[in-house]
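In what follows, a single structure is set out as structure tokens and then discussed.
Readers should treat all values here as calculations from the given coordinates under stated rules, not as data from a laboratory. The model shown is predicted, which means the values in this text are computed figures rather than measured ones. Note that each Cβ is placed from the backbone with ideal geometry, even for glycine, and that neighbours are counted across all protein chains shown.
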Amino acid sequence: MQPLAVSCLDLIGTPDQVADQMGDAMEQIGGDGFLINGPLSRVYVSQITDGLVPALQRKGLTRTEYGHATFRENLMAF
């Protein structure tokens, strides 16, 4: 059986709407995360870090803190 891959999801809306869309995609498709790809500008990164990540955290779709002291331990815990 071939693994399912989705090359692109058009996620459009407010941070809460996009977080809902991402949560729905994870429920339907599965997987362990998203690769966010876009124009690497300060505005784009700010929209992700200041808008989308907090929305994902409020919905319980991403962690709010790290449980280990090192990057390696946190990565392995994921």
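Potential lengthening of the chain between residue 32 and residue 11 amounts to 5.8 nm, from the contour at 0.36 nm per residue minus the alpha-carbon distance.
If contacts are Cα pairs under 8 angstrom and at least 6 residues apart, what is the relative contact order of the chain in percent?
On the way: 27 pairs, mean separation 21.2, N = 78.
Relative contact order here is 27 percent.
Each helix, a run of at least 4 DSSP H residues, gives -39500 (n - 2.57); summed and divided by the residues of the chain, these come to -12000 deg cm²/dmol at 222 nm.
Averaged over all directions, how much area does the convex hull of the C-alpha atoms of the chain cover when projected, in nm²? Mind dumping the intermediate values first?
Values: hull surface 26.4 nm².
Averaged projected hull area, Cα only: 6.6 nm².
So for 22, 76, fewest C-beta neighbours within 10 Å to most, what's the order? Intermediate values should be presented prior to the final figure.
Numbers: 22 21, 76 9.
Lowest count first: 76, 22.
Near residue 24, within a Cβ-to-Cβ distance under 14 Å, what is the net charge of the other residues, with Lys and Arg +1 and Asp and Glu -1? Here the charged neighbours net out to -3. Residue order for 52, 75, fewest other beta carbons within 10 angstrom first, comes to 75, 52. For the range 32-45, backbone phi angles converted through the Karplus equation (6.51, -1.76, 1.60; θ = phi - 60°) give residue-by-residue couplings of 10, x, 10, 9, 8, 10, x, x, 6, 10, 4, 5, 5, 4 Hz, Gly and Pro being listed as x.
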